[in-house]
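Worksheet: the structure to be examined is printed underneath.
The values are calculated or read from the model by the stated rules, or taken from the named source; none is laboratory data. Because the structure is a prediction, the values reported are computed rather than measured. Here the Cβ positions follow ideal geometry from the backbone for every residue, glycine too, while neighbour counts run over all protein chains shown.
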Amino acid sequence: MSELSVVGKALVRTDGLRKATAQVTYGVDFKLPGMLYGKLLRSPYPHARIISIDTSQAEALPGVKAVVTGKDSPEGLFGSRINDQPPLAREKVRYIGEPVAAVAAVNEATAEKALGLIRVEYEEITPVFDPKEAMRPGAPIIHADLGKYQASPIFCHPVPGTNIMNYMKIRHGNVEMGFAQADFIFEDTFTTPAQHHCCLEPHAAVGQVGLDGKATVWTSTQGPYKVRTESASALSMPPSRVRVIATQVGGGFGAKGRAKLEPHCVLLSRKSGRPVKIVLTRHEVFTATSTRHPSVIRIKTGVKSDGTILAREVEVILDTGAYSESGEIVCWEIGQGAAGPYQIPNVKVDAYAVYTNKVPAGPMRGFGWPQIMWASESQIDIIAHKLGLDPLEVRLRNALEEGSVSATGEVMHSVGLKECLREAAAAIGWDDQRPPNRGRGIACLTKMSVPFLPSSAFVKINEDGRVGLLTSAVDIGQGSDTVLAQICAEDLGVGLSDIEVAVPDTDTTPPDMGVIASRITFHVGNAVRLAAADARQQVLALAADMLEASPEDLLLADGKVFVRGSPDRALSLAQVSTAAFFQKGGPILGRGSFLDEDVVPTDPDTGQSPKPCPYWKYGATAVEVEVDPETGVIKVLKLASAHDCGRAINPLLLNGQIEGGALTGLAYALWEEVVFDGGRITNPSFMEYRIPSTVEAPNISPIIVEAEHHAGPFGAKGAGEASTIGVAAAVGNALFDAVKVRIKDLPLTWEKVLAALEKKADDDRKEA
Amino acid sequence: MKHLIKLTVNGEEYEVAIEPNRSLLDVLRDDLELTGTKKGCETGDCGACTVVLDGKTVNACLILAVSANGKSILTIEGVAQGGKLHPVQEAFIEHGAIQCGYCTPGMILSAKSLLEENPRPTEWEVREAIAGNLCRCTGYVKIVKAILAVAEEMAKAPVA
């Protein structure tokens with residue numbers, strides 16, 4: 001590849017100055033003239049029939065301008081790939097916190113007061129909170145209409161008449177035969193808790209509906225088109241009658257990818273005739289948005305005595321809560337990942353996403369992979385120790401590499417896993433001698449990208465020669481505005497500061513499936529390249545006319561078009577675009593669309609596909625820990641996180657992604673758990689649900705590995721989620737290395753470590 | 001009953017009539033429309049609403065606005081002077097310490113206050129000083145680096 005001038009450079013983010021001076025408008029900041037404030041009345045019961053709702057007293061309260069209930073949206077359902085959720089509960093409620101009614105008033109205090117005047121009569125139904133119980137015959141059915149819901153046949157295999165919202169299978173080779181040939185068989189069950197996204201900005205949206213019925217929503221979202229589709233579906237409107245404009249987003253991590261408050265803002269605005277703003281309280285964010293899926297994962301693995309893996313059988317049960325949210329595809333991906341990034345000839349996976357009467361679990365940074373990698377990579381470590389092998393060597397022996405065949409039958413490409421393992425291990429001094437109570441741990445990670453999610457981009461050359469870039473990718477902090485502008489600048493021979501990135505707006509910026517699944521650099525990046533190429537071709541064609549040269553003889557660089565070999569025969573981009581604008585056919589507008597067309601849907605009975613997704617990410621996390629045997633506290637001394645990102649478009653921003661994701665992964669390993677008492681969350685504040693601050697966070701060493709992908713823009717893949725994924729197992733493995741206790745239930749709290757140490761001391765005494 | 005209070009914010013005097021239960025955060029954001037100060041939790045746990053009140057950093061969500069009557073407040077909007085960024089702002093941009101930007105105003109004010117009190121902090125002192133400002137994006141690595149870099153620059157070229 002020729003020398004690049006913008007791509008690959010550690011450039012500072014283009015919105016840094018605006019953010020450092022707070023000259024940006026987040027969802028919570030957005031205001032319109034005449035705006036009302038909305039509040040949601042939420043269910044106090046986990047499972048109950050709604051007998052009646054009386055809103056008359058609330059409506060009579062001075063200052064109240066609208067009250068809406070399920071009757072105001074009588075039919076529409078929304079969801080990610082299975083439409084199972086009403087915007088306001090209709091016949092029944094399915095979790096504590098489910099919206100039942102909404103009020104718009106002149107201020108928040110009045111709206112809040114009005115909520116207390118709404119009388120709802122409920123009749124309780126037996127709830128079910130444990131997904132295993134919910135799977136049993138005779139369990140209370142949470143969605144009687146499961147069989148009637150509109151669902152994507154590629155990803156969703158619901159089991160009507162049960163609480164199994166999705167069931168996915170992998171059948172590869174013959175596991176029975178594999179186990180028969182194995183020297184050792186290991187079987188372990190691992191669990192993971194709910195984790196919360198903890199975006200610092202609470203969910204916030206403003207909706208405005210005109211008398212013509214057209215709705216406009218300004219919202220703190222990761223996916224304007226996704227919110228548009230889901231809001232339209234929830235409200236039985238044509239999607240193009242809902243205009244969604246992204247505000248600045250104060251953190252997303254999966255929590256803001258889908259419709260949450262937007263349908264309610266629209267309903268209230270429609271009824272009141274005024275714009276309505278809803279901002280969730282922190283308590284509501286914790287109790288009524290979504291969490292990472294809790295899981296129970298049983299893994300059985302057969303190995304030869306040299307550590308070669310012959311067979312693996314996995315059962316995954318995901319607690320998806322009351323609505324699908326995105327649990328259907330978390331289930332699908334977790335099934336795809338259950339074999340781990342290894343060459344295993346015989347694999348059998350059964351993965352279930354099961355409804356319970358709890359707040360919906362949904363997409364969160366890592367999307368099922370932190371759960372499955374915790375289980376898988378912990379067991380690989382158990383195997384290595386049992387066989388007396390170096391855990392790093394066992395991984396290297398079985399790791400996928402370029403040309404390996406995966407458990408779903410794909411011949412793998414762009415696999416930097418072994419290099420990640422070696423580099424992460426080296427960064428913590430893998431082979432160093434360590435004093436007592438110190439240990440080392442390593443874990444692989446992989447994650448697929450989600451298939452069948454299109455992206456598109458427009459590029460316009462302004463009359464001043466500067467370039468407008470229009471996509472619907474929202475920069476939620478990950479730096480996509482900068483990275484996409486770098487790609488665009490590179491292809492058009494201009495500087496980063498020559499690119500103006502437009503605000504995502506479904507009426508003007510082209511369709512995109514959202515800032516999810518680490519997909520923006522790859523998918524939108526490719527669309528930008530195509531749009532830039534289209535614009536470039538138009539520039540060269542026109543410049544060729546103007547310079548009386550052939551387009552093939554022209555070069556585009558430094559904001560100029562010139563004739564190869566005669567640099568004095570040149571036109572500025574401004575001259576060309578001005579000529580286009582006023583003399584020749586109109587402005588230069590490039591268009592690019594990207595879809596991973598070579599992806600093949602997985603077989604519903606076997607999960608097999610020659611290409612189930614556009615690309616795979618790989619990485620490795622290595623840690624050194626010190627365990628205090630008196631307190632059980634695990635202190636992380638070193639954390640190295642190595643990532644095969646294909647190619648780093650911007651190493652500064654990529655390192656920031658790796659560091660931030662790794663800390664979220666470490667928090668999952670050591671501290672964070674949304675605690676439920678039945679269906680009620682008992683720690684819904686930053687005081688009770690502590691996210692790490694600077695004093696808990698270790699220094700993190702990010703490592704970039706580049707195994708270029710042939711279909712990626714400049715070889716790039718994605719990176720946003722990866723570093724969260726492998727941390728928990730690396731820490732659990734280091735804990736074992738340090739003090740020889742193995743914990744299979746996250747998080748690895750000091751209480752669990754202490755209990756395990758005491759049990760070990762007891763066992764050791766009995767043996768002696 | 002509303003109370004009439006006077007606040008000096010970023011050097012400008014404001015007079016506002018407010019209910020006594022309003023927080024300083026809400027008055028800054030809603031009445032004065034200084035929305036750079038962020039609302040994250042309203043319980044003093046996240047630090048997104050950090051402002052400097054008579055020289056001390058506080059969580060504006062925990063301060064009743066009436067109790068700030070007659071006092072002087074610095075918010076993020078007053079940190080850059082005459083179109084020139086404060087060194088902490090510059091360092092945050094240069095070092096990649098900003099992602100979503102929601103914690104940034106509070107972080108910058110905490111960091112600025114730290115460096116005014118302790119111009120040569122150790123890494124641990126930096127970490128302690130901003131421990132009340134939560135960030136979910138960055139893992140704090142680049143934030144800590146940025147603040148230490150400012151301290152180093154200040155040591156090289158003492159402010160005149």
State yes or no: is residue B:147 more than 25 Å from residue A:723 (Cα to Cα), buried (at least 20 other Cβ atoms within 10 Å of the Cβ) and at pLDDT 95 or above? no
Of everything in segment A:145-166 that's surrounded by fewer than 17 Cβ atoms within 10 Å (Cβ to Cβ) and among the aliphatic types (A, V, I, L, M), which residue is farthest from residue A:451 (Cα to Cα)? A:159
Any hit, segment A:462-477, residues being in a helix (DSSP H, G or I) and in contact with an Asp or Glu (Cβ under 8 Å, 6 or more places away or on another chain): no
Set A:76, A:97, A:8, A:34: member being of a type in the set (Gly, Ala, Ser), in a loop (DSSP other than H, G, I, E, B) and within 30 Å of residue A:652 (Cβ to Cβ): A:8
For residue A:27, the lone unmet condition from (1) within 14 Å of chain B (Cβ to nearest Cβ); (2) touching a helix residue (DSSP H, G or I) at 6+ places or on another chain (Cβ under 6 Å) is (2)
Looking only at segment B:70-90, and only at residues there that are away from chain A (no Cβ under 11 Å) and part of a loop (DSSP other than H, G, I, E, B), the one that is modelled with the lowest pLDDT: B:82
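Any idea which of B:27, B:51, B:16 is aliphatic (A, V, I, L, M), within 24 Å of residue B:130 (Cα to Cα) and either at pLDDT 95 or above or surrounded by fewer than 24 Cβ atoms within 10 Å (Cβ to Cβ) (or both)?
Checking each option against the conditions leaves just B:51.
Looking at B:120, B:136, which is the one that is part of a loop (DSSP other than H, G, I, E, B), in contact with a His (Cβ under 8 Å, 6 or more places away or on another chain) and either closer than 17 Å to residue A:19 by Cβ or more than 8 Å from chain A (Cβ to nearest Cβ) (or both)?
Working: B:120 fails: in contact with a His (Cβ under 8 Å, 6 or more places away or on another chain).
It is B:136.
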In this structure, does residue B:100 turn out to be buried (at least 19 other Cβ atoms within 10 Å of the Cβ) and within 21 Å of residue B:26 (Cβ to Cβ)? no
Tell me, please, whether a residue that is of a type outside the set (Val, Ile, Thr) and closer than 18 Å to residue A:38 by Cα can be found in segment A:287-306. yes
For segment A:21-33, state whether one or more residues are farther than 22 Å from residue A:116 by Cβ, free of Cβ contacts under 8 Å to residues at least 60 places away in the same chain and surrounded by 18 or more Cβ atoms within 10 Å (Cβ to Cβ). yes
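Filter segment A:537-573 down to residues that are of a type in the set (Val, Ile, Thr) and within 44 Å of the chain's Cα centre (by Cα) and give me whichever is nearest to residue A:592 (Cα to Cα). Show your work before the answer.
Filtering segment A:537-573 down to residues of a type in the set (Val, Ile, Thr) leaves A:539, A:561, A:563.
From the residues that got through so far, the ones that are within 44 Å of the chain's Cα centre (by Cα) too are A:539, A:561.
Values: A:539: 16, A:561: 22 Å.
Across segment A:537-573, the extreme among qualifying residues is A:539.
In segment A:667-698, what residues are within 30 Å of residue A:142 (Cα to Cα) and facing chain B (nearest Cβ under 10 Å)?
Correct list: A:685, A:688, A:689.
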Scanning segment A:167-206 residue by residue, the ones that are assigned to a loop (DSSP other than H, G, I, E, B), surrounded by fewer than 16 Cβ atoms within 10 Å (Cβ to Cβ) and of a type in the set (D, E, K, R) total 1
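Scanning for something farther than 30 Å from residue A:526 by Cβ, touching a strand residue (DSSP E or B) at 6+ places or on another chain (Cβ under 9 Å) and modelled with pLDDT of 95 or more, does segment A:442-458 turn up at least one residue?
We begin by selecting, within segment A:442-458, every residue farther than 30 Å from residue A:526 by Cβ; these are A:442-443.
Okay, now just the ones that are also touching a strand residue (DSSP E or B) at 6+ places or on another chain (Cβ under 9 Å), so A:442-443.
Pick out the ones that are also modelled with pLDDT of 95 or more and you get A:442-443.
Yes, segment A:442-458 contains a residue that is farther than 30 Å from residue A:526 by Cβ, touching a strand residue (DSSP E or B) at 6+ places or on another chain (Cβ under 9 Å) and modelled with pLDDT of 95 or more.
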Within segment A:246-359, considering only helices (runs of 4 or more DSSP H) that don't extend past its boundaries, which have at least 1 residues that are more than 27 Å from residue A:124 (Cα to Cα) and hydrophobic (A, V, I, L, M, F, W, C)? A:262-272, A:327-337
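Given the residues B:108, B:93, which is the only one that is farther than 16 Å from residue B:151 by Cβ, assigned to a helix (DSSP H, G or I) and at the interface with chain A (Cβ under 8 Å from one of its Cβ atoms)? Give the derivation first.
Working: B:108 fails: farther than 16 Å from residue B:151 by Cβ.
Just a single option satisfies the conditions, and that option is B:93.
Could you tell me whether residue A:94 is closer than 22 Å to residue A:324 by Cα and surrounded by fewer than 24 Cβ atoms within 10 Å (Cβ to Cβ)?
Working: closer than 22 Å to residue A:324 by Cα: yes; surrounded by fewer than 24 Cβ atoms within 10 Å (Cβ to Cβ): no.
The answer is no for residue A:94.
Here is a check on your reading of the model: is residue A:98 under 30 Å from residue A:332 (Cα atoms), touching a residue at least 12 places away in the same chain (Cβ under 8 Å), out of contact with any strand residue (DSSP E or B) (no Cβ under 9 Å at 6 or more places or on another chain) and not assigned by TED's automatic domain parsing to the domain that holds residue A:330?
So residue A:98 fails the test.
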Could you list, in sequence order, the residues of segment A:99-116 that are buried (at least 23 other Cβ atoms within 10 Å of the Cβ) and more than 16 Å from residue A:52 (Cα to Cα)? A:103, A:104, A:105, A:111, A:114
Taking segment A:623-646 and keeping residues in contact with a Ser or Thr (Cβ under 8 Å, 6 or more places away or on another chain) and either outside any loop (DSSP other than H, G, I, E, B) or outside the structural domain of residue A:696 (by TED's automatic domain parsing) (or both) leaves A:638, A:639, A:640, A:641, A:642, A:643, A:644
Taking segment A:8-20 as the search range and keeping residues that are more than 7 Å from chain B (Cβ to nearest Cβ) and either closer than 10 Å to residue B:105 by Cβ or small (Gly, Ala, Ser) (or both), which one is surrounded by the fewest Cβ atoms within 10 Å (Cβ to Cβ)? A:10
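Give B:98, B:143 a once-over and let me know the one that is within 10 Å of another protein chain (Cβ to nearest Cβ), outside any helix (DSSP H, G or I) and β-branched (Val, Ile, Thr). Show your work before the answer.
Values: B:143 fails: outside any helix (DSSP H, G or I).
Matching residue, one of B:98, B:143: B:98.
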Check A:264, A:283, A:293 and return the single one that is surrounded by fewer than 24 Cβ atoms within 10 Å (Cβ to Cβ) and under 24 Å from residue A:679 (Cβ atoms). A:283
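I need the full set of residues from segment B:1-58 which are part of a loop (DSSP other than H, G, I, E, B), more than 12 Å from chain A (Cβ to nearest Cβ) and of a type in the set (Lys, Arg), in order please.
B:2
Among A:341, A:345, which is the only one that is in the same structural domain as residue A:442 (by TED's automatic domain parsing), within 19 Å of residue A:409 (Cα to Cα) and touching a Cys at 6+ places or on another chain (Cβ under 6 Å)? Show your work before the answer.
Details: A:345 fails: touching a Cys at 6+ places or on another chain (Cβ under 6 Å).
Just a single option satisfies the conditions, and that option is A:341.
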Hits in segment A:489-539 - residues which are in contact with a Leu (Cβ under 7 Å, 6 or more places away or on another chain), among the β-branched types (Val, Ile, Thr) and under 17 Å from residue A:716 (Cβ atoms): A:524, A:528
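Quick check: is even one residue across segment A:478-499 over 27 Å from residue A:655 (Cα atoms), touching a helix residue (DSSP H, G or I) at 6+ places or on another chain (Cβ under 9 Å), not small (Gly, Ala, Ser) and not assigned by TED's automatic domain parsing to the domain that holds residue A:369?
At the first step, the residues of segment A:478-499 found to be over 27 Å from residue A:655 (Cα atoms) are none.
Looking through segment A:478-499, none of the residues is over 27 Å from residue A:655 (Cα atoms), touching a helix residue (DSSP H, G or I) at 6+ places or on another chain (Cβ under 9 Å), not small (Gly, Ala, Ser) and not assigned by TED's automatic domain parsing to the domain that holds residue A:369.
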